[in-house]
Ligand SMILES: C[S@@+](CC[C@H](N)C(=O)[O-])C[C@H]1O[C@@H](n2cnc3c(N)ncnc32)[C@H](O)[C@@H]1O
């Protein structure tokens with residue numbers, strides 16, 4: 001390692017940062033309804049944000065990877081509900097990973113482009129269950145801005161496999177079908193004025209190169225997805241439009257793609273921090289020299305190949321951490337039983353029958369709730 005290479009933050013620094021984020025977590029509440037139209041609109045959008053984040057109850061379920069690479073859910077109770085409000089986790093049933101501050105900011109971006117007459121459609125590249133896009137459509141509808149289309153771009157089959165070690169490509173939980181997302185838009189009554197763009201960005205971005213954008217929301221996480229969507233979409237972002245990058249602060253790859261692109265294109269509009277990870281900037285002048293890349297895969301030279309879809313199970317069930325723990329205990333008990341049975345086999349006939357019956361009574365988890373003392 002070079003002497004001047006940046007050092008990863010220490011555990012103490014990370015802990016302090018996390019504590020600061022939790023201390024500044026957004027309030028989990030919607031404004032109450034009042035009879036005037038604007039107050040009702042604010043109340044509707046407030047309730048919608050809680051609902052999309054799965055923050056309407058007193059606790060919420062969250063999904064994470066376990067140290068042995070499995071995916072399991074756990075209930076967030078008490079102060080831990082802030083994790084969801086901050087958008088730091090994967091919600092078990094909520095429709096967006098984004099937290100409340102990012103949705104508050106998205107609302108103000110949509111309101112600003114409508115108020116200022118900034119021309120163009122809105123797009124989210126990397127939508128997962130579609131919650132943030134549903135929210136953009138709902139905000140437009142609440143303002144009567146039915147003339148703008150919300151574009152919903154995703155593979156609808158999760159992250160592409162580009163290397164054997166791709167961590168996110170193997171997570172089936174992150175693959176949400178187009179049908180499921182469509183149904184969610186319909187459930188919230190915002191299915192009109194929406195266009196879905198299913199497929200890997202590497203193949204779909206060229207289909208919309210002639211559109212004009214007022215809001216571009218990037219949430220594809222990887223270097224390739226961020227870079228590619230920036231290259232295809234940014235040249236057509238109207239002056240006054242917003243470019244939002246969901247994971248700039250926490251995902252090194254994503255930040256690198258944005259920083260490189262901004263440097264190459266001479267973009268000097270200041271980055272504004274939205275929350276602990278999301279940033280955005282508002283375009284102040286037209287494109288200088290953003291070239292449209294040729295269709296096809298572009299990489300940062302890390303040896304990755306083009307995107308490949310993973311084979312996925314029909315509907316993967318997410319166990320709770322408690323269920324996983326029980327499975328582990330059962331496996332351990334069965335192993336102990338097998339060892340003990342092996343020992344019992346060396347006993348003479350009648351002793352063997354008695355010993356086996358005793359062992360079964362004592363260790364078989366299907367008959368007992370645990371070894372008897
Ligand atoms: C972090 S999730 C998006 C979260 C979402 N914006 C929300 O509000 O919860 C990333 C999404 O990007 C999609 N994605 C990643 N790389 C992609 C690519 N190359 N082409 C198409 N979709 C991609 C994945 O399928 C996944 O749904």
Label segment 41-199 by shape, choosing from rounded, prolate and oblate, from the square roots a ≥ b ≥ c of the eigenvalues of the Cα gyration tensor; if a/c is under 1.5 it is rounded, and otherwise prolate applies when a/b is larger than b/c, oblate when it is not. oblate
Taking the 0 to 90 degree range and rounding to the nearest ten, how far is the long axis of helix 11-23 tilted relative to the main principal axis of the chain, both from C-alpha atoms? 70
What is the packing order of peptides 108-114, 190-196, 206-212, taking the mean over residues of other C-beta atoms within 10 Å and listing the highest first? 108-114, 190-196, 206-212
Segment 321-363 - Rg (one decimal) and Dmax (whole number), Cα, Å: 12.9, 43
What angle do you read, to the nearest 10 degrees and between 0 and 90, between the alpha-carbon axis of helix 37-52 and the longest principal axis of the chain? 30
Grab the Cα-Cα distance for residue 116 and residue 64, subtract it from 0.36 nm times how many residues apart they are, and report the gain in nm with one decimal. 14.7 nm
From DSSP H assignment alone, runs of 4+ in the chain each adding -39500 (n - 2.57), the sum over residues rounded to the nearest 500 puts [θ] at 222 nm at -12000 deg cm²/dmol
When the Cα centres of segment 84-101 and segment 131-192 are compared, how far apart do they sit, in Å? 14
Give me Rg/Rg_expected for segment 1-118, where Rg uses Cα atoms only and Rg_expected = 2.2 N^0.38 Å with N residues. 1.34
Here the FRET efficiency for residue 24 versus residue 318, based on Cβ atoms and R0 = 25 Å and rounded to 0.05, is 0.25
Rg over Rh [alpha-carbon atoms, Kirkwood Rh] for segment 106-178: 1.12
Computed over the chain, the distribution of all Cα-Cα distances in 10 Å bins, rounded to whole %, is 5, 20, 29, 22, 11, 6, 5, 2, 1, 0
Given 172-185, 327-340, the highest-first ranking by average Cβ count within 10 Å works out to 172-185, 327-340
On each of the three principal axes the extent of the alpha-carbon atoms of segment 115-228, given in whole Å and largest first, is 47, 30, 19
Could you order the peptides 353-361, 11-19 from most to least packed, using the average number of other C-beta atoms within 10 Å per residue? 353-361, 11-19
Taking only Cα atoms, what is the 0 to 90° angle, nearest 10, from helix 252-265's long axis to the longest principal axis of the chain? 20
Mean separation of Cα pairs under 8 Å and 6+ residues apart, divided by the residue count of segment 1-143: what relative contact order is that in percent? 20
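We did not get these values from a lab; they are worked out from the coordinates using the rules stated. If you're wondering where the values come from, they're calculated on a predicted model, not measured in any experiment. Virtual Cβ from ideal backbone geometry, glycine too; neighbours counted across all protein chains shown.
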